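The values are calculated or read from the model by the stated rules, or taken from the named source; none is laboratory data. Fair warning: this is a prediction, and the values are worked out from it, not measured in the lab. So basically every Cβ, Gly included, is an ideal-geometry build from the backbone, and we count neighbours across all protein chains shown.
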Amino acid sequence: MLGLVSSMQATARELVAEVALDAHPENALVADDAPAGVGTRSLRPQVRRATRSALRTDRILAGLVVTVPPLGLLAAIAWPGAHEGLVRNGIVFAVLYLFTGFGITAGFHRLFTHKSFEVPRLVRATFAIAGSMALQGPVIRWVADHRRHHVFSDKEGDPHSPVLGTKNAVSRFFHSHMGWFFQADKSLPSRYAKDLMGDPVVRWVDKNYAWWMVLTLGIPFAAGFALGGSLHAAFVTFLWAGLARIFFVHHVTWCINSVCHVFGTRRYQSRDESSNVLWLALPSLGESWHNNHHAFPTSATHGFDRFQPDPSSWLIHGLGKLGLASKIQMPNERDRARRLI
Ligand SMILES: [Zn+2]
Ligand SMILES: [Zn+2]
């Protein structure tokens with residue numbers, strides 16, 4: 001009898017969670033705060049299996065995304081004359097690294113996935129375009145994958161966990177870093193990102209992804225030509241601030257999925273293996289305080305202490321001071337103390 005009651009209670013909880021997730025997909029993201037047994041953990045992952053031809057196209061594109069930027073970096077290192085104009089290329093590299101990096105961290109991640117702050121429509125469009133120019137896929141797909149990661153983190157259904165499966169540790173690490181791009185099961189946007197599918201600004205940026213690909217490679221070429229005055233200068237800037245920059249933004253982002261679920265330290269209780277990794281803090285613009293983030297997913301700040309630098313939080317609060325960001329979320333001291341390990 002007791003077993004029957006508890007199984008009825010569990011079914012009721014699942015139904016409540018299903019309804020909550022359908023109505024507000026971002027509710028999935030507070031699952032880490034919910035008491036054990038309540039929330040979306042019990043749901044089955046909502047994925048669709050790509051058709052054979054769609055999967056082939058997808059895998060070819062993923063193959064290009066993981067191979068072309070490192071080839072560009074190698075060419076930049078080996079190309080005779082590619083070390084001329086170091087300051088010029090360094091500046092264009094830094095500007096585009098920060099623009100596209102913040103597009104992912106403050107934009108795709110903290111704004112669109114977790115709704116940890118609000119911005120006016122023009123700033124929203126800028127974040128969506130900047131993140132798209134990091135070449136990590138269109139915004140709606142990125143958000144759907146990341147929300148699924150939070151719902152099932154390090155459990156069956158997580159698209160990129162380094163601790164799941166029977167393969168050896170190196171294969172699991174590779175899978176979480178970039179192997180998962182080649183999977184046939186794709187996160188259902190209608191399940192995980194329905195809110196963004198109904199946002200005309202986000203939908204427009206998402207639909208025009210090909211143009212942001214052209215722009216992210218075209219801008220460094222044009223900047224190199226304008227600053228260096230020759231096609232050779234344009235090509236060298238394209239190698240450094242185009243392909244090599246994309247390589248670094250890619251691998252730093254992917255390290256959050258791989259390194260920050262295997263190495264590092266854990267400070268807060270979370271239902272996964274997420275960890276904080278100091279050496280990644282500045283290159284990842286604050287994303288590597290990943291254990292803090294899994295414990296408090298809707299917080300706009302991930303680095304809670306003075307010694308946890310978080311440039312994305314600095315940017316969001318800077319926008320807040322300019323009146324361009326509002327409703328900036330942050331857990332209070334008491335909530336943080338309650339979750340300490
Ligand atoms: Zn994670
Ligand atoms: Zn997240």
Q | Selection count, the stretch 197-230, where residues are under 18 Å from Gly103 (Cβ atoms), out of contact with any Phe, Trp or Tyr (no Cβ under 6 Å at 6 or more places or on another chain) and not aromatic (Phe, Trp, Tyr) | A | 17
**Q.** Among the candidates His160, His149, residue that is outside any loop (DSSP other than H, G, I, E, B), assigned by TED's automatic domain parsing to the domain that holds Val214 and within 15 Å of ligand 1 (Cβ to nearest atom)
**A.** His149
Q) Between a first residue in the stretch 179-200 that is farther than 21 Å from Trp254 by Cβ and a second residue that is surrounded by fewer than 20 Cβ atoms within 10 Å (Cβ to Cβ) and β-branched (Val, Ile, Thr), which pairs have beta carbons less than 8 Å apart while being 6 or more apart in sequence or on different chains? A) Leu188/Val47
Q: Determine which single condition Gly137 fails, assuming it passes every other condition in (1) over 12 Å from the mean Cα position of the chain (by Cα); (2) outside any helix (DSSP H, G or I); (3) more than 16 Å from ligand 1 (Cβ to nearest atom).
A: (1)
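For the stretch 205-250, which positions are small (Gly, Ala, Ser) and under 26 Å from Ser176 (Cα atoms)? Spell out the reasoning first.
Applying the first criterion (small (Gly, Ala, Ser)) to the stretch 205-250 yields 210, 218, 222-224, 226, 228-230, 233-234, 241-242, 244.
Across the stretch 205-250, the qualifying residues are Ala210, Gly242, Ala244.
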(Q) Whether any residue in the stretch 243-253 is part of a helix (DSSP H, G or I) and within 16 Å of ligand 2 (Cβ to nearest atom) is what I want to check. (A) yes
Q) Only one of these conditions is not met by Arg266: (1) within 25 Å of Ala337 (Cβ to Cβ); (2) touching a residue at least 24 places away in the same chain (Cβ under 8 Å); (3) buried (at least 21 other Cβ atoms within 10 Å of the Cβ). Which number is it? A) (3)
Q: Can you run down the residue pairs with Cβ atoms below 7 Å, 6 or more apart or on separate chains, where the first is in the stretch 107-122 and buried (at least 16 other Cβ atoms within 10 Å of the Cβ) and the partner is modelled with pLDDT under 95 and of a type in the set (A, V, I, L, M)?
A: His114/Leu29
(Q) Can you tell me how many residues within the stretch 296-335 are more than 15 Å from Ile256 (Cα to Cα) and either in a helix (DSSP H, G or I) or within 14 Å of ligand 2 (Cβ to nearest atom) (or both)? (A) 19
Q.
Would you confirm whether or not the stretch 166-174 contains a residue that is surrounded by 14 or more Cβ atoms within 10 Å (Cβ to Cβ), assigned by TED's automatic domain parsing to the domain that holds Phe108, at pLDDT below 95 and small (Gly, Ala, Ser)?
A. no
Q: Give the residue, chosen from Val214, Val202, Val151, that is under 26 Å from Leu243 (Cα atoms) and either within 16 Å of ligand 2 (Cβ to nearest atom) or surrounded by 20 or more Cβ atoms within 10 Å (Cβ to Cβ) (or both).
A: Val202
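Given Gly224, Gly218, Gly229, which one is at positive phi and over 21 Å from the mean Cα position of the chain (by Cα)?
Just one listed residue meets the conditions, Gly229.
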Q: Within the stretch 274-310, work out how many residues are more than 13 Å from ligand 1 (Cβ to nearest atom) and in contact with a His (Cβ under 6 Å, 6 or more places away or on another chain).
A: 3
Q: Filter the stretch 99-122 down to residues that are among the hydroxyl-bearing types (Ser, Thr, Tyr) and either closer than 17 Å to Gly303 by Cβ or assigned to a loop (DSSP other than H, G, I, E, B) (or both) and give me whichever is nearest to ligand 1 (Cβ to nearest atom).
A: Thr105
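Listed here are the residues, each with its yes/no results for (1) buried (at least 22 other Cβ atoms within 10 Å of the Cβ); (2) in contact (Cβ under 8 Å) with a residue 12 or more places away in the chain; (3) within 17 Å of Cys255 (Cα to Cα).
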{"position": "Trp279", "(1), (2), (3)": "no, no, yes"}
{"position": "His294", "(1), (2), (3)": "yes, yes, yes"}
{"position": "Pro297", "(1), (2), (3)": "yes, yes, no"}
{"position": "Phe304", "(1), (2), (3)": "no, yes, no"}
{"position": "Leu322", "(1), (2), (3)": "no, no, no"}
(Q) Can you go through Val65, Val30, Val19, Val92 and tell me which one is part of a helix (DSSP H, G or I) and at pLDDT 95 or above? (A) Val92
Q | Residues satisfying the stated conditions in the stretch 254-287, i.e. more than 16 Å from Gly103 (Cα to Cα) and either part of a helix (DSSP H, G or I) or under 15 Å from the mean Cα position of the chain (by Cα) (or both) | A | Cys255, Asn257, Ser258, Val259, Cys260, His261, Ser274, Leu278, Trp279, Leu280, Ala281
